[in-house]
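Here the structure is laid out as structure tokens; the discussion comes afterwards.
The values are calculated or read from the model by the stated rules, or taken from the named source; none is laboratory data. Since this is a predicted model, take the numbers as computed values, not measurements. Positions of Cβ are backbone-derived with ideal geometry, glycine not excepted, and every protein chain shown enters the neighbour counts.
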Amino acid sequence: MIIIGVAVGVLAVIAVGLAVARKVDGDSTNFLVAGRSLAVPLVAAGLMGQAVDSNATLGNTDLTYSLGFWAGASLPLGLGLCLLLTGIFFAKRMNAMKLLSLPDFYRIKYGRGVELAASVLMIFSFSLLLAGNLVAGGFLFERFLGTPYWLGVVLIVIAVLSYTLTGGMFSDAYTAFIQMVITVIGSAALLVWVAVRFGITVPEGMGPFDLGQLGDPAQGAVVNWATLVALGIGDIVAIDFMQRIFSARTPEIARRACFIGAAGTALVGIPYALVALSSVAIFGGEPTDGPVLFALLDEYAPPLLTILVLSAIVAASCSTANGAILGTASVAVRNIAGVEPRPQDTTVADPLLRIVRITMLPVVGVAIFFALVVPQTGILLTLAFDLMLAGLIVPFVLGHYWSRITTAAAAASIAVGVTVRLVLFALTPTMYGVENTLLYVPNDLVGPGFDGWPTFIAPVCSLLAFVAVALARPAPLPAEPVVAAPAPDAVPATEA
């Protein structure tokens with residue numbers, strides 16, 4: 001019954017996605033940025049849908065249950081902070097540039113080489129992000145249907161591809177609106193049920209007002225702040241967020257949608273953290289079989305609530321997954337392969353549209369690989385944007401607000417930031433409190449107590465590299481503007 005209920009919800013979302021796919025009309029601009037025509041509700045829902053994913057729900061509850069409120073709530077709060085900062089400083093500027101993908105910004109500001117470097121880093125990071133959302137599907141189907149974990153991952157991919165391949169950003173926007181309605185209702189219903197059935201309880205030292213979690217390294221303060229910073233700042237250069245900002249009809253709509261999305265992300269994420277805190281008393285703080293939220297729903301919740309909450313998690317996962325697939329494929333085709341959209345005055349098939357659709361298949365293949373190798377939720381999300389923070393945020397911010405930017409400075413910033421982050425990642429035995437099984441080189445130099453600090457060190461190194469190179473090799477001064485002389489036979493109006 002539970003899986004049937006969830007399946008009905010997924011099929012309804014797919015039907016809506018396929019129904020609006022006709023709006024693409026064979027045009028890559030419609031496919032990638034919805035013809036730059038979306039109003040506030042659809043842009044805000046899309047931004048919120050990219051933020052409220054399985055990482056911010058399942059990852060949130062797992063980390064909160066184990067380590068405290070700020071360990072888990074830092075995920076949705078960090079994502080909400082990102083949208084707030086984007087709305088204040090960047091949304092109007094980026095929408096006004098009329099871009100098709102985020103790496104276009106790096107090409108315009110720094111040239112083709114920096115565009116390529118930024119694109120490669122974005123593709124790798126978003127493969128991790130997409131994988132984190134596929135993990136939720138794998139666990140869900142394994143727990144409630146009894147299928148193998150890998151089959152659940154594949155089923156989520158099939159569901160998302162069914163409408164993303166056809167409708168692109170139009171399908172994403174309309175399905176995200178429905179998905180976010182389901183998610184908001186599901187999170188509210190879950191919190192109310194736990195409050196009525198068990199009461200909201202906060203274990204000692206683990207609550208939102210136990211600020212040792214933000215001030216005492218022994219209580220995970222460094223890791224918690226690292227999560228907030230990685231998501232709150234690193235996520236600003238997220239290709240899926242920016243695709244929705246590009247899709248807004250006006251710069252003001254883009255700005256307002258960011259603020260609404262930020263508030264919605266926090267309002268959905270906090271209830272999941274409170275539910276996880278209460279679950280400590282329910283399960284006695286013992287490890288659960290799989291994600292703690294799934295265990296709570298499976299063992300205690302009534303079927304209708306379970307269907308609603310699981311539908312919300314699947315909806316959130318699908319919403320983020322289709323944005324990640326679309327954004328990653330468009331970056332690979334447009335910014336790495338250099339494929340351009342068709343000219344507006346021709347009727348030939350749009351090559352950018354066709355190749356982006358084809359490229360979605362290998363994109364999901366890479367994400368499936370990561371989901372099978374690292375079956376974690378919140379960790380993959382944070383790691384993805386940790387890399388973006390290390391390499392791309394400095395050239396992005398200074399590209400908006402500093403006049404002395406240069407190509408060499410951007411290249412040095414990306415190279416230094418990413419290199420430092422990867423080296424520190426490989427040397428640190430844990431990543432955000434979880435064992436580093438992805439890329440760890442055993443050593444005696446760095447211990448678990450260093451966890452979290454690489455998130456701060458890498459972007460600082462990136463900033464220092466950018467500023468040093470920019471000051472050492474300043475950009476040439478712009479040429480003086482040439483004022484055209486009046487034609488010889490021109491007669492001033494006062495003499496006519």
Condition met for Ser125 (of a type in the set (S, T, N, Q), at pLDDT below 85 and part of a helix (DSSP H, G or I)): yes
Members of region 418-437 that are assigned to a helix (DSSP H, G or I), surrounded by fewer than 20 Cβ atoms within 10 Å (Cβ to Cβ) and β-branched (Val, Ile, Thr): Thr419, Val423
Total residues in region 196-220, condition closer than 20 Å to Phe283 by Cβ and free of Cβ contacts under 8 Å to residues at least 40 places away in the same chain: 2
Lone unmet requirement of (1) on the phi > 0 side of the Ramachandran plot; (2) in a helix (DSSP H, G or I); (3) not aromatic (Phe, Trp, Tyr) for Gly290: (2)
Entirely in region 42-101, the helices (runs of 4 or more DSSP H) that have 3 or more residues that are closer than 27 Å to Gly399 by Cα and over 14 Å from the mean Cα position of the chain (by Cα): 69-89, 91-96
Count of region 1-32 residues which are among the β-branched types (Val, Ile, Thr), at pLDDT 75 or above and surrounded by fewer than 17 Cβ atoms within 10 Å (Cβ to Cβ): 1
Cross-chain or 6+ apart pairs with Cβ under 7 Å, region 139-153 first and among the acidic types (Asp, Glu), then surrounded by 15 or more Cβ atoms within 10 Å (Cβ to Cβ): Glu142/Tyr149; Glu142/Gly152
Options Ala263, Ala276, Ala230; residue that is small (Gly, Ala, Ser), at pLDDT 90 or above and either in a loop (DSSP other than H, G, I, E, B) or more than 30 Å from Gly167 (Cα to Cα) (or both): Ala276
Region 191-221, subset among the small types (Gly, Ala, Ser) and not in a helix (DSSP H, G or I), residue nearest to Ala71 (Cα to Cα): Gly220
Test: residue in region 222-231 that is within 30 Å of Leu121 (Cβ to Cβ), over 20 Å from the mean Cα position of the chain (by Cα) and crowded, with 17+ Cβ neighbours inside 10 Å: yes
Scan of region 312-337 for residues that are over 16 Å from the mean Cα position of the chain (by Cα) and modelled with pLDDT of 90 or more, ordered by number: Ala332, Val333, Arg334, Asn335, Ile336, Ala337
Test set (1) assigned to a helix (DSSP H, G or I); (2) surrounded by fewer than 24 Cβ atoms within 10 Å (Cβ to Cβ); (3) not aromatic (Phe, Trp, Tyr) - Ile405 fails condition number: (1)
Residue in region 315-329 that is surrounded by fewer than 19 Cβ atoms within 10 Å (Cβ to Cβ) and either touching a Gly at 6+ places or on another chain (Cβ under 7 Å) or charged (D, E, K, R) (or both) present: no
